[in-house]
Amino acid sequence: MTDTGHTWGPEPSGIAPSAPEARGSEPESVRTSRSDLGRVRRYTVATLWFVNLCFVGTQLLIATDSPVDARIIALTLLSVLSLISMSLLIPRLLRDEPEPLPAMLWVLLASAAATWILANIGEFAGWNWSMTAAAGAGIVICLVPAWWRVGIYLGAMLLIAAVRLAAVLAAGEDPTRAAFTAEEPTFIVFALSLILIPLTYVSVVWSLHVLARMDRARALASELAIARERLRFATDLHDIQGHNLQVIALKSELAERLLIADPAAAARELGQIRTISREALEDTRAVVNNYRTVTVAVEARNAASILRSAGINCTLNIGAENIPEPAGTVLAVAIREATTNLLRHSRATRAAITLDAVDGGRAYLLSVENDGASARAGGGTGLRGLTARAAAIHGSVHAERAGGTFTLTVRIPAPAERTHNR
């Protein structure tokens, strides 16, 4: 037998899981995941609206104790502008793809910074006016690349403190004694609020992005399962029908040659072609329904019969029976592929198929040998695919050319050995 680099079809790297979904349909798990993700998006939007209203509402609520003047009116208008800007930026926060910073973000930053600066001009208006600055920092953190976020967070906190410190120094007060002109409990509350406000936005938006990535990963896993199932189906169909079609072609040629010289023999060959075609149809239906099982001994006997009908003197020696799956499946595929390749690419006159249990029954050894090896070398995709199948169950494939003889050897560990090796 020779393997001259022809295409035997794609081979999976292991046993592929079945995907029950038909082509074009969407798995139930994916539909449920998308529904859950849409629900989480709506919850996130509602949460962000609530957070915006809470921060700006608290800022304005505390300001009601102050006498109404032009500065308070200006601070209120700036706070409302900040609230509008934050609300308009909510859809942008939900996107996971990197994009340029939106123009509305600069409106938010300008209004929030102006609010805090105006609150520190003249008589201090209170720490509550720093909330929009902290919220703006949180939104910026959600929109910039990951490596900028810590720097922006720390920078925003330092900038809020620096504006207040500059106002204290400009008023000629001693910052160590003035304690930022705030009572200690109030100052502590607002200091903690400023630290947590940006983190609130980050946690809400980050949670949504994590769920979105998980949803994409789940959808990709479903698509890969379907692709693996299609690959399994294509491989099984090639393994079965490629062999059957090769035999049908061989017997058709033989029947054509015998049609005049020996009509009775030609009729027998045509009858066998009809039988093989019917079996091929049944095998195809079995592959579609995913219940076809391969018996190694039957596959070996069929291969020997086919080779003999092609004029090749084939010796069959089966010393191992009742081989469990998946070892039996790999060995049967190896026999079928070796037979098909031998008929297609060699001019062998002698072949031998040997299957034995070796190493005290700890492994199965298949050997397919023929005397029609060509001088052309090359492993081909068929041997690579068979090697991948064997490797998936800790087996090995070895091909050797010596003179005009080609030998394919497949060694598959028995289940007890595979369990022991694990």
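The values are calculated or read from the model by the stated rules, or taken from the named source; none is laboratory data. Remember, predicted model here, so these are calculated numbers, not experimental data. As a convention, Cβ positions derive from the backbone with ideal geometry for all residues, glycine included, and neighbour counts pool all protein chains shown. These area figures cover heavy atoms from the full protein model, side chains too; ligands, DNA and RNA do not enter into them. Shrake-Rupley method; radii C 1.70, N 1.55, O 1.52, S 1.80 Å.
Among the residues of region 194-231, write down those that are of a type in the set (G, A, S), buried (at least 16 other Cβ atoms within 10 Å of the Cβ) and within 23 Å of W148 (Cβ to Cβ).
Scanning region 194-231 gives a single hit, A212.
Inspect all residues belonging to region 34-45 and state whether any of them is aliphatic (A, V, I, L, M), in a helix (DSSP H, G or I) and modelled with pLDDT of 85 or more.
Within region 34-45 (the criterion being aliphatic (A, V, I, L, M), in a helix (DSSP H, G or I) and modelled with pLDDT of 85 or more), the answer is yes, since at least one residue qualifies.
Which ones in region 341-367 are open to solvent by less than 10 Å² (accessible area, probe 1.4 Å) and in contact with a Phe, Trp or Tyr (Cβ under 9 Å, 6 or more places away or on another chain)?
Scanning region 341-367 gives N341, L342, L355.
So which residues in region 303-329 are open to solvent by 10 Å² or more (accessible area, probe 1.4 Å) and under 39 Å from the mean Cα position of the chain (by Cα)?
Residues satisfying the conditions are N322, I323, P324, E325, P326, T329.
Which of the residues that make up region 321-338 are modelled with pLDDT of 80 or more and either of a type in the set (G, A, S) or farther than 16 Å from L250 by Cα (or both)?
The answer is I323, P324, A327, G328, T329, V330, L331, A332, V333, A334, I335, A338.
Considering each residue of region 115-148, count those that are over 17 Å from P67 (Cα atoms) and outside any helix (DSSP H, G or I), and give that number.
Of the residues in that region, 2 qualify.
Collect the residues in region 70-110 that are part of a loop (DSSP other than H, G, I, E, B), closer than 19 Å to V45 by Cα and open to solvent by less than 80 Å² (accessible area, probe 1.4 Å), keeping them in residue-number order.
Residues satisfying the conditions are L89, L94, D96, P102.
Please go through region 389-400 and give me each residue that is out of contact with any strand residue (DSSP E or B) (no Cβ under 6 Å at 6 or more places or on another chain), open to solvent by 30 Å² or more (accessible area, probe 1.4 Å) and modelled with pLDDT of 85 or more, ordered by number.
Within region 389-400, A391, A392 qualify.
List the residue pairs whose Cβ atoms are under 6 Å apart, where the first residue sits in region 279-290 and is under 15 Å from L231 (Cα atoms), the second is assigned to a helix (DSSP H, G or I) and modelled with pLDDT under 75, and the two are 6 or more positions apart or on different chains.
Within 6 Å, the pairs are V287/D236; V287/L237.
One line per residue, one yes/no per condition, for (1) under 30 Å from R285 (Cβ atoms); (2) assigned to a helix (DSSP H, G or I); (3) at pLDDT 80 or above; (4) acidic (D, E):
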{"site": "F180", "(1), (2), (3), (4)": "no, yes, no, no"}
{"site": "W206", "(1), (2), (3), (4)": "no, yes, yes, no"}
{"site": "V210", "(1), (2), (3), (4)": "no, yes, yes, no"}
{"site": "A225", "(1), (2), (3), (4)": "yes, yes, no, no"}
{"site": "A234", "(1), (2), (3), (4)": "yes, yes, no, no"}
{"site": "N244", "(1), (2), (3), (4)": "yes, yes, no, no"}
{"site": "I273", "(1), (2), (3), (4)": "yes, yes, yes, no"}
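With respect to G172, determine if the residue is outside any helix (DSSP H, G or I) and either over 24 Å from V51 (Cβ atoms) or at pLDDT below 85 (or both).
yes
List the residue pairs whose Cβ atoms are under 6 Å apart, where the first residue sits in region 86-112 and is closer than 15 Å to I141 by Cβ and of a type outside the set (D, E), the second is part of a loop (DSSP other than H, G, I, E, B) and modelled with pLDDT under 90, and the two are 6 or more positions apart or on different chains.
Filtered contacts from region 86-112: R92/P102.
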